[in-house]
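See below for the structure under consideration.
The values are calculated or read from the model by the stated rules, or taken from the named source; none is laboratory data. Computed from a predicted model, the values in this text were never measured in an experiment. As a convention, Cβ positions derive from the backbone with ideal geometry for all residues, glycine included, and neighbour counts pool all protein chains shown. Each accessible area value is taken on the protein alone, full model and side chains, heavy atoms only, with ligands, DNA and RNA left out. Shrake-Rupley method; radii C 1.70, N 1.55, O 1.52, S 1.80 Å.
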Amino acid sequence: MTTAIFYYTGTGNSLWAARRMSAALGGARLLSLNAGRTITDAAGADAIGLAFPVHMWGLPRRMAAFAGSLPAGDGRYYFAMAANAGQVAGTLPQLRGILAAKGIKLSTGFGLELPSNYIPWEGAEPAGKQARRFAAAQARIDAAAPVIAERRDGGIEKGPLWQRLLLSGLAYKLAYPKVPGMDSSFSADDTCTSCGLCAAICPAGDIELRGGRPAWKGRCEQCLACIQFCPAGAIQFGRSTRGRTRYHNPEVSAADLKG
Ligand SMILES: Cc1cc2nc3c(=O)[nH]c(=O)nc-3n(C[C@H](O)[C@H](O)[C@H](O)COP(=O)(O)O)c2cc1C
Ligand code: SF4
Ligand code: SF4
């Protein structure tokens, strides 16, 4: 029995989850959607895991597209882990629906509350809070691993009804089409060293250096890798992010994002 886990991540939490699940299962192949891996890369696996962040109370665009691209009627065992900062909302039922439309069953899907990377709202959480979140998420992974190892049904986490209706049902649908253009709020300040890291790690190829400074091209996925991994802290999103502590998963480097 072989498990492949596809991960999509902005700041490494979903890769952390994929790695930890791999360890709990005694080994899994990790495949980066940031690097454009496709389902054909999981040849030989009888179980497919999906690890991704919750974005605006639903699936990030790249994971939604990947789920929609899966081969109809794929009879393999599917499970999902949705990294979030406390509001998983209707993300997993959304994924279940996309897969069901393809005749694929999502056997297990659960949220993992991990440190928030949504810097327009807040900077990095205090170390103690981060540690508590990692410990609770690890316990959740350890509890789910035997279910996945035995290819059993473990249920789908739904999130509260009000979140499903208001946030996933309404706010997500309003925001989703606007995501590619949300990069108009990014800018780089004078502390930019022209290192090029932001352009190198952007999963969408949305950034190019013009005159030594990043320029965004309107096909953003809002993963926030650029602003969070910039070694100079030079990237801002609107006016709220200046001076806020950046966050990325402490066990994941920029080089890790693309596998
Ligand atoms: C654009 C965006 C939207 C987000 N929306 C939500 C959300 O709706 N609910 C939530 O709990 N966390 C939300 N978050 C926080 C992330 O889901 C969370 O920090 C996650 O662990 C990040 O995973 P990653 O490091 O793999 O990208 C959002 C983050 C981003 C960048
Ligand atoms: S990662 Fe930061 S310092 Fe490097 S080019 Fe991008 S904005 Fe400039
Ligand atoms: S521009 Fe930044 S936030 Fe948008 S997809 Fe690229 S790395 Fe992610």
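Seen from P203, the other residues with C-beta closer than 9 Å to its C-beta sum to a net charge of 0, counting Lys and Arg as +1 and Asp and Glu as -1.
Of interest is the spacing of the C-alpha centroids, which for segment 25-62 and segment 202-259 amounts to 22 Å.
Using just the helices of the chain, give the 222 nm mean residue ellipticity in deg cm²/dmol: DSSP H runs with n ≥ 4 each add -39,500 (n - 2.57), and the total is spread over all residues, rounded to 500. Working shown, then result.
Details: 7 runs with 69 residues, N = 259.
Computed mean residue ellipticity for the chain: -8000 deg cm²/dmol.
Springs join every pair of Cα atoms under 10 Å in this Gaussian network model of the chain, and among R76, R239, R152 the largest mean-square fluctuation is at R239. Could you tell me how far the Cα centroid of segment 96-127 sits from the Cα centroid of segment 133-188, in Å? Centre-to-centre (Cα) distance: 2 Å.
Quick check: residue separation of A215 and K258 times 0.36 nm, minus the Cα distance between them. What number comes out in nm?
Details: separation 43, 0.36 × 43 = 15.48 nm, distance 2.12 nm.
Taking A215 through K258 to full extension adds about 13.4 nm, to one decimal.
Placing pseudo-labels 7 Å out from each Cα toward the beta carbon at K105 and L174 gives an inter-label distance of 3.8 nm.
For segment 118-199, a Kirkwood hydrodynamic radius built from all Cα pairs, placed in the Stokes-Einstein relation at 20 °C and 1.002 mPa s, yields a translational diffusion coefficient of 122 µm²/s.
Look at the Cα gyration tensor of segment 179-256: its axes a ≥ b ≥ c give a/c under 1.5, and that counts as rounded. Taking only the C-alpha atoms of the chain, Rg followed by Dmax gives 17.8, 55 Å. Isolated cysteines in the chain, defined as those with no second cysteine Cβ under 4.7 Å, comprise C192, C195, C202, C220, C223, C230. With the Cα gyration tensor of segment 1-83 giving a ≥ b ≥ c as the square roots of its eigenvalues, does the rule (a/c under 1.5 for rounded; else a/b larger than b/c for prolate; else oblate) give rounded, prolate or oblate? Taking the square roots of the gyration eigenvalues as a ≥ b ≥ c, segment 1-83 is oblate.
Would you work out what percent of the accessible area of the chain, with all protein chains in place, is carbon or sulfur (probe 1.4 Å)? Display every interim value, and only then the final one.
Numbers: 6070 of 10870 Å².
Solvent-exposed carbon and sulfur of the chain make up 56 percent of the total.
Across segment 3-173, Cα pairs under 8 Å and at least six residues apart give a relative contact order of 24 percent. Per residue, the accessible area of the chain comes to 42 Å², computed with a 1.4 Å probe over protein heavy atoms only.
Would you please classify the overall shape of segment 32-139 from the alpha carbon gyration tensor, given that a ≥ b ≥ c denote the square roots of the eigenvalues, rounded means a/c under 1.5, and beyond that prolate means a/b larger than b/c while oblate covers the rest? Please report the intermediate quantities before stating the final value.
Values: a/c = 2.07, a/b = 1.95, b/c = 1.06.
In terms of gyration-tensor shape, prolate.
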